[in-house]
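J.: The following block contains the structure, expressed as structure tokens.
The values are calculated or read from the model by the stated rules, or taken from the named source; none is laboratory data. Computed from a prediction, not measured in an experiment: that's the story for all the values here. Every residue, glycine among them, receives a Cβ derived from its backbone with ideal geometry; neighbour counts consider all protein chains shown. SASA here: full protein model, heavy atoms, side chains in, ligands and nucleic acids out. Shrake-Rupley method; radii C 1.70, N 1.55, O 1.52, S 1.80 Å.
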Amino acid sequence: MTFSRPVMKTEIDIDMTHAVIIDPVSKKPFEDTGRQTMAKSALTRAIKLTGTDVAEGKRRILSAGPITALFDNGALRYIRYRGVEVLRGIAYLLRDQNWGTYGPVIDKLKIAQGKDGFTISYTATAKDKAQGLRYDAKIEAKANGTLVFSATGTPLTDFLTNRTGFVVLHPLIGVVGESVEIVHTDGRKRKGRFPKFISPGQPVFEIRSLKHTVMPGVTATVLMEGNKFEMEDHRNWMDASYKTYVCSLLDPWPYTLKKGEPFTQSITLRIEGKPQAGKAAKASSGVTVAVGGAKGSIPAIGCGVPMPEAEQALAKADLVAMMEPNHLVCQIDGRKQGQRQAAAAFRELCARSGALSFLEIILPAKAPAMAEMAAIAAELRAADYAPDAIIVTQAHDLMSFQPNTPRPWGPSYEEMAAAAREAFPGVTLGGGMLSYFTELNRKPVPKGLFDFVTHSVCPIAHAPDDLSVMETLEAIPSIIASTRHMIGRTPYLLGPSSIACRHNPYGAAVASNPGNGRVCLTDMDPRQRGLYAAAWNLGLAAACARGGLDAVALGAVTGPQGVIHRKADYPQPWFDGSKAEVYPSYHVLAGLGAANGNKRLETTASAPSAIAALAHQSREGRELWLANLTPETQSVKVTGLGGAADVHQLSERTFTSLVTRPDFLSLPGERVKKVSGIELGPYALVRIKTG
């Protein structure tokens, strides 16, 4: 089975929501970290990078002997021992009865960095129109390997919450599948392992402490006091961690914290032992990327076309054709009107672009699958639209359900597959989830039922800040491995995925984002318009290629998740009124679309969390894509590319050309006699073509 078109001759859980930090002198916030109330006409550096002038909060690195940590909006991130990550984060979070996360106002912040350690203290207040809670936090880290983060909360009113208290994140590198010593709340001690394949439910309950090996000879114990804790596999939601949180989802929620009744929780980290010689991580002056031999192939690269965007996408058919997508993932929602008109637009768009048509069909799940599928098929036939492949699902599977909990009535996978094969004889048929891996993991497809299996991913389920979103790429190998474990050798396609979410399985609607900020589970993320999204998309494509996926769809043609610019009913700073035609991510799809089916070349990066790399062999020679996943300039040394090369930089310097010239990659690049060192600015990309 092939998912490639014929070659054409065309030229959620830690939610780092932004706290507001109060200046102790002026008693006013340092900055507005969550709103951009009006579009700005200037093309600022921030808009080039992230599509918005809304700034993130300030961060600070602190140290206590061999321990370092990043203080970020009241939380600790990247807690390391001798350069090796011990914990991804510790944070005190307040969730409302709808799982919304409060952004507390931080006051009386004091940070003291000493010779042998550091202390932090602050008071934070979280409130809305109905309720509020204040907590006093203290962090103390010592050079002897001890770190204590404690907090005492006092409800200002009766406080209805699904969860209030500490969250601890264990990282993935050096932890996935490794042993852990668990002490339960009743004192029982046992050996366990961090799950290798992603667990659909909670792998550990009733936790008092967790102990794991940091490096040979060194262990880390996390003691959690003040309540019981339990763990969930955060990789389900594309988060790069295992999350241990206060309270239990097995208990009733929401619950009420009584007004005026204080409660205290604490997290104590103890790092013990003596590291073996030569085992500490060493600082590097740059990143090395080595290009090796052929291994697998480049997946077929496609793009999404949401049903509401059918006409808008068709209006941009010429730009779609220039992008050369292998396939367009279109959608017909059986609950909505206008199916025939959308189908006609899909037919015309695919004909004009030369792309294969993969159609997602959503059954309303109000009548038997045969009847609902027949009604949709009739609309498609009336539009003379015959998709090359179909993915079938039903409305209830768009929403999230806890493992082993009752679901509303709806057709089974088997009933949907039978209905699709009856209505579309001989069609290539896919199944799975139009939402995220989490839901596929909780409701696996029966093996052998479908010709291929699909799901999408979303990096803003739990944490929308720039650091966390890039971190989610670390979870992709686990998602791929877990899906492969589930589906065997069945072809595997990633559905349309972008930073913004296609829809919200965890609530009634996606979150609004009128201020162009960084918001969880919104369908409009401003970073889609900047270099940031281009770098993230290359990182995603590289991980999927390395994982052996058959096809990958990135974002959408137009709309909030689009790669082609159009006028919108939401502000697009600078782009409104500009001559921009596309966003930087367009060129990632265009470049990789042209590489469809080429032999993938193995790439090894010394710092894969900083630099994403994807290489392939074309008829002309070797081609290497690099993306800087960080907000800092990175120096990269490249090996494995011989001879002269053309270099195209996708960066701040070339930004105006990127968005006004859809043919940017066809323009002459910088000709170099030999590829060795490359300097990449924040979130910049480079394409290097030899031969």
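J.: Name the residues whose placed amide hydrogens come within less than 5 Å of the amide hydrogen of Ser297, ignoring near sequence neighbours (fewer than 5 apart) on the same chain.
T.: Those qualifying (amide H under 5 Å, at least 5 residues apart or on another chain) are Arg600.
J.: Here's something else I'd like to know. Note down the accessible area of Arg270, probe 1.4 Å, to the nearest 10 Å².
T.: Approximately 100 Å² of Arg270 is accessible to the 1.4 Å probe.
J.: Now for a different question. State to the nearest 20 debye the size of the charge dipole of region 189-327 about its Cα centre, where the only charges are +1 on K and R beta carbons and -1 on D and E beta carbons.
T.: 1140
J.: Another one. For region 435-585, just list the percent of Cα-Cα distances falling in each 5 Å bin from zero outward, please.
T.: 2, 9, 19, 22, 19, 14, 9, 5, 2, 1, 0
J.: Could you sort out which of Lys228/Lys259; Lys138/Lys243; Lys108/Lys211 sit more than 25 Å apart by Cα distance in this structure?
T.: Pairs exceeding the cut-off: Lys108/Lys211.
J.: Assuming 0.36 nm per residue, please report the length gained on full extension of the stretch Lys228 to Lys191 beyond their Cα-Cα distance.
T.: In short, 11.5 nm is gained.
J.: So what does log10 I(q)/I(0) come out to for region 569-691 at q = 0.14, 0.17 Å⁻¹, using the Debye formula with one equal point on every Cα and no solvent?
T.: -0.62, -0.90
J.: So if I restrict to the alpha-carbon atoms in region 588-640, what is the Rg, and what is Dmax, the biggest pairwise distance, in Å?
T.: Final numbers for Rg and Dmax: 12.0, 35 Å.
J.: Sticking with this structure for a sec: Place a label point 7 angstrom from the Cα of Ala481 along the Cα-to-Cβ direction, then list the residues of region 437-453 whose backbone nitrogen is under 20 Å away.
T.: Counting only backbone N, you get 437-442.
J.: Compare Ile362, Ile173 by solvent-accessible area with a 1.4 Å probe and give them largest first, with all protein chains kept in place. Write out the running numbers ahead of the final one.
T.: Working: Ile362 5, Ile173 135 Å².
From most exposed to least exposed: Ile173, Ile362.
J.: As a test of reading the structure, rank Lys228, Lys189 by solvent-accessible area (1.4 Å probe, protein chains only), most first.
T.: Reading off the accessible areas and sorting them downward yields Lys189, Lys228.
J.: Tell me, in nm to one decimal, what length is gained between Lys115 and Glu272 on full extension, where the rule is 0.36 nm per residue of separation less the Cα-Cα distance? If you can, show how the numbers build up before the last one.
T.: On the way: separation 157, 0.36 × 157 = 56.52 nm, distance 2.02 nm.
Contour length minus Cα-Cα distance gives 54.5 nm.
J.: Step through the residues of region 446-455 one at a time and calculate ³J(HN,Hα) from phi using the Karplus curve (6.51 cos²θ - 1.76 cosθ + 1.60, θ = phi - 60°), rounding each to whole Hz and writing x for Gly and Pro.
T.: x, 5, x, 7, 10, 6, 7, 10, 9, 7
J.: Please work out the C-alpha center-to-center distance from region 453-509 to region 179-206 and express it in whole Å.
T.: When both Cα centres are located, 24 Å separates them.
J.: Once the whole set of protein chains is in place, how much accessible area is left on Arg421, using a 1.4 Å probe, in Å² to the nearest 10?
T.: Arg421 exposes around 90 Å² with every protein chain in place.
J.: Next question, about the same structure. In Å and from the alpha-carbon atoms only, list the Rg and Dmax of the chain.
T.: 25.2, 76
J.: Something else about it: Give a quick list of GluC sites (Glu not before Pro) in region 91-189 that DSSP marks as loop, anything other than H, G, I, E or B, with at most 16 other Cβ atoms within 10 Å.
T.: When the GluC sites (Glu not before Pro) of region 91-189 are filtered for loop state and at most 16 Cβ neighbours within 10 Å, Glu178 remain.
J.: Could you give me the ³J(HN,Hα) list for region 457-464, computed from phi with Karplus coefficients 6.51, -1.76, 1.60 and θ = phi - 60°, whole Hz, x at Gly and Pro?
T.: 9, 8, x, 10, 5, 10, 9, x
J.: Given H placed on each backbone N at 1.01 Å, which residues far from Glu360 in sequence or on other chains put an amide H within less than 5 Å of it?
T.: Under 5 Å from the amide H of Glu360: Cys330, Gln331, Ile332, Ile391.
J.: Accessible area of Met231, 1.4 Å probe, to the nearest 10 Å²?
T.: About 0 Å², rounded to the nearest 10.
J.: Under 5 Å between amide hydrogens, which residues at least 5 positions from Gly117 or on another chain qualify, with H placed 1.01 Å from N in the peptide plane?
T.: Gly65
J.: Report, in debye and to the nearest 20, how large the dipole of region 545-628 comes out about its Cα centre when Lys and Arg carry +1 and Asp and Glu carry -1 on their Cβ.
T.: 140
J.: Given Val84, Pro668, Pro505, which one lies farthest toward the positive end of the charge dipole of the chain, if we put +1 on the Cβ of every Lys and Arg and -1 on the Cβ of every Asp and Glu?
T.: Checked the options; the winner is Val84.
J.: In a solvent-free Debye calculation with one equal scatterer on each Cα, what is log10 I(q)/I(0) for region 52-160 at q = 0.13, 0.14, 0.15, 0.17 Å⁻¹, listed in the order of the q values?
T.: With no solvent term, the Cα-only Debye profile gives -0.54, -0.62, -0.69, -0.84.
J.: On alpha carbon coordinates alone, what is the Rg over Rh value for region 124-254, Rh being the Kirkwood radius?
T.: Across region 124-254, the Cα-based Rg/Rh ratio is 0.99.
J.: Right, here's the next one. Return the loop-located trypsin sites (Lys or Arg not before Pro) in region 608-685 (DSSP other than H, G, I, E, B) with at most 15 other Cβ atoms within 10 Å of their own Cβ; answer none if there are none.
T.: Details: sites: Arg619, Arg622, Lys637, Arg653, Arg671, Lys673, Lys674; in loops: Arg619, Arg653, Lys673, Lys674.
Sparse-neighbourhood loop trypsin sites (Lys or Arg not before Pro): Arg619, Arg653, Lys673, Lys674.
J.: Using a simple spin-label model with points 7 Å from Cα along the Cα→Cβ vector, what separation in nm is obtained for Ser578 and Ser676?
T.: 3.6
J.: Continuing with the same structure: Testing the spin-label approximation: label points 7 Å from Cα along Cα→Cβ at Glu261 and His396. State their distance in nm.
T.: Between Glu261 and His396, the label points sit 3.8 nm apart.
J.: Then there is this: What order, most packed first, do the peptides 524-534, 43-53, 373-383 have when packing is the mean number of other Cβ atoms within 10 Å of each residue?
T.: Going from most to least packed, we get 524-534, 43-53, 373-383.
J.: What is the mean projected area of the alpha carbon convex hull for region 336-446, to one decimal in square nanometres? Present the calculation step by step, with values, prior to reporting the outcome.
T.: Numbers: hull surface 28.6 nm².
Mean shadow area of the hull around the Cα atoms is 7.2 nm².
J.: Further question: Using a 1.4 Å probe on the protein heavy atoms, what percent of the accessible area of the chain belongs to carbon and sulfur?
T.: On the way: 14110 of 27310 Å².
About 52 percent, which is the carbon plus sulfur part of the accessible surface.
J.: So if each residue of separation counts as 0.36 nm, and I subtract the Cα-Cα distance between Thr152 and Thr123, what length gain in nm does that give?
T.: 9.5 nm
J.: Something else: Across region 174-188, in residue order, what do the Karplus-derived ³J(HN,Hα) couplings come to in whole Hz, using 6.51 cos²θ - 1.76 cosθ + 1.60 with θ = phi - 60° and x for Gly and Pro?
T.: Result, ordered by residue: x, 10, 4, x, 8, 6, 9, 9, 10, 10, 8, 5, 8, x, 5 Hz.
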